[in-house]
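In what follows, a structure is listed as structure tokens, so that the remarks can point back to it.
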Amino acid sequence: MEQLCHFIDGHFVSSAEWIDVIEPATGHVYGRVASGGSEEVQEAVAAALRAWPSWAQRPAAERAALLNCIADRLEERLEEFATAESRDQGKPVALARTLDIPRSIANLRFFAAAALHVATEAHPSPGALNYTLREPLGVVGCISPWNLPLYLFTWKIAPALAFGNTVVAKPSELTPLTAMMFAELCNECGLPPGVLNIIHGYGARAGAAIVEHPQVRAISFTGSTATGEYIARTAAPMFKKLSLELGGKNPTIVFADADLDTAIPQIVRAGFLNQGEICLCGSRILVERTIYSEVVERCTRQVETLVVGDPLDERTEIGALVSEAHYRKVLGAIEQARRDGGRILTGGKPAQLEGRCARGWFVEPTVIADLPPTCYANQEEIFGPVVTFLPFEREDEAIELANGVCYGLAASIWTENLRRAHRVAAQLACGIVWVNCWMLRDLRTPFGGIKQSGSGREGGWEAYRFFTEAKNVCIKL
Ligand code: NAD
């Protein structure tokens, strides 16, 4: 049995209470994780406060060197981390090896380099010189979800640390394993005690204690819209800085002039990567009427080739859903789609595996057509291997359908008409638009959504601005 402890002030700290950790592919408990609350958060914040002044004053090059050391150690143990992530989350090991862990390494290296290259503005005028200082905030809280565990954990803590803050972090209670392994790397590299603290446990206890702590100056949160709303409500009266990266119901818009040979594999990838458990997944596929039947048929045929299997099997493309509750939620959404008149073109039920995975939480990749735009499956985030198809006649109708949800995270447009691509991109109500691609990431770009997909942006300069406070100095000349 794995035993996953808190990481406070450089030490692994045991707990009076524990939560079972279950391998989604088998349904078996393989370990237990510490269940913390306000007491542990109090200790972690105190350690982070003690560590902060010297961490903030350290030359950026030293902070960067420590982050690069952790990245190097992670790269040396990539295979071990990829297997752990796959076991803990249910994702195919091939995906963890090529996406999750490499991206975690890239996050660390990117922000280590960024810390060496940031600069601030000066505003000279005839009678005065204004210049801006950017100072770290102090102790910040980083709360991450279960879908891309180490990838999103490092996406938050790397900029926070690189720009001179100390951190109290909380990974999801469903996927705590790689965060704990990451803490070992921090100690191996000599990260000073208290600079990074990890409190495990339930969101409503451990997470809420971080949000409510008066000395935590900012909260960087990725997770559901419901939790984001609670965090905004709780933190606003304390004037904490907030970055909220929440849910999505992202459209994939396919115009009749799209290069379908390129588009179809990418549309399927956008719908089903990581079992559809990515906030950016294109789960609503809007297709121009003249090519609707062709696109639906070709996509469905490709979805039928996706290999559902043991996440630890190299050939697996669709692994297990993260938890029994989530598995039931996804199957419930499919049932609701049936009741709403949806035509299930493929999938639509649990995938029954044999052997070690016989009791795992697998759902067949599912394609649904003929649903009205206003129904549950076309409005709410399912966060599973389920896509819907909707036809449109004209460009303005496509834009109206794309924008007709409460979310506004990402969209992708497939067209060979450059003018149309610019025109449509400008009118989409969301934070990220991809043209003829999906999830092609450059870590310098602003990342985040609007409406119920959250507020604030991560990445590049946005992360620098978020994790520092501007102070203007005006000198009369
Ligand atoms: P969640 O909101 O249930 O949990 C996210 C994290 O918040 C977990 O660590 C959880 O323990 C914690 N938490 C829960 N309640 C809390 C509370 N009251 N106070 C403080 N912390 C609390 O989300 P989830 O189910 O883990 O993740 C799935 C969601 O995340 C989906 O909606 C998905 O779209 C979203 N997501 C968004 C992005 C993005 O960048 N926009 C990326 C990945 C996932």
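Taken as Cα centroids, segment 286-311 and segment 208-224 sit 40 Å apart, rounded to the nearest whole angstrom. Three principal axis extents describe the C-alpha atoms of segment 251-442; from largest down they are 53, 35, 30 Å. Under 19 Å of direct C-alpha separation, and excluding same-chain neighbours fewer than eight residues apart, residue 156 reaches these lysines: 170, 240, 241. For the chain, taking a cut-off of 4.7 Å between Cβ atoms, the unpaired cysteines are 5, 142, 186, 279, 281, 299, 357, 375, 406, 430, 437, 474.
Between the Cα long axis of helix 101-117 and the first principal axis of the chain there is an angle of about 40°, rounded to the nearest 10.
Between residue 122 and residue 336, the modelled label-to-label distance comes to 5.7 nm, taking each label 7 Å out from Cα in the direction of the beta carbon. A compact globular protein would have a Cα radius of gyration near 2.2 N^0.38 Å; the ratio found for the chain is 0.99.
Can you tell me how segment 18-82 classifies by the Cα gyration tensor, rounded, prolate or oblate, using a/c under 1.5 as the rounded cut? Cα axes put segment 18-82 in the oblate bin.
Site pair residue 397 and residue 440 shows an inter-label distance of 2.9 nm when each label is modelled 7 Å from Cα along Cα→Cβ.
Relative to the longest principal axis of the Cα atoms of the chain, the long axis of helix 38-57 lies at roughly 70 degrees. Only sites in a loop by DSSP and with at most 14 other Cβ atoms within 10 Å count here; which trypsin sites (Lys or Arg not before Pro) in segment 372-474 make the cut? Taking segment 372-474 and a limit of 14 other Cβ atoms within 10 Å, the loop trypsin sites (Lys or Arg not before Pro) found are 394, 441, 444. In this simple spin-label model, placing a label point 7 Å from the Cα along the Cα-to-Cβ direction at both residue 189 and residue 57 gives a separation of 2.4 nm. Between residue 450 and residue 465, the contour length at 0.36 nm per residue exceeds the alpha carbon distance by 3.6 nm. Comparing Cα centroids, segment 31-89 and segment 448-477 end up 23 angstrom apart. Measure nothing fancy, just the Cα-based angle from helix 324-339's long axis to the longest principal axis of the chain, in degrees from 0 to 90, nearest 10. Its long axis makes an angle of about 40 degrees. Here's the picture: charge each Lys and Arg Cβ at +1 and each Asp and Glu Cβ at -1 in segment 1-99, and of 25, 48, 83 the one pushed furthest to the positive end of that dipole is 48. The helix-only estimate of mean residue ellipticity at 222 nm for the chain, built from DSSP H runs of length n ≥ 4 each weighted as -39500 (n - 2.57), is -12000 deg cm²/dmol after division by the residue total. Potential lengthening of the chain between residue 256 and residue 238 amounts to 1.4 nm, from the contour at 0.36 nm per residue minus the alpha-carbon distance. For the chain, the relative contact order works out to 19 percent when only alpha carbon pairs closer than 8 Å and six or more residues apart are counted.
Counting only residues at least eight positions apart within a chain, or on another chain, the lysines with an alpha carbon under 27 Å from that of residue 349 are 91, 249, 329.
Each reported figure results from applying straightforward, stated rules to the coordinates on display, with no laboratory input. Remember, predicted model here, so these are calculated numbers, not experimental data. Backbone-built Cβ (ideal geometry, glycine too); neighbour counts: all protein chains shown.
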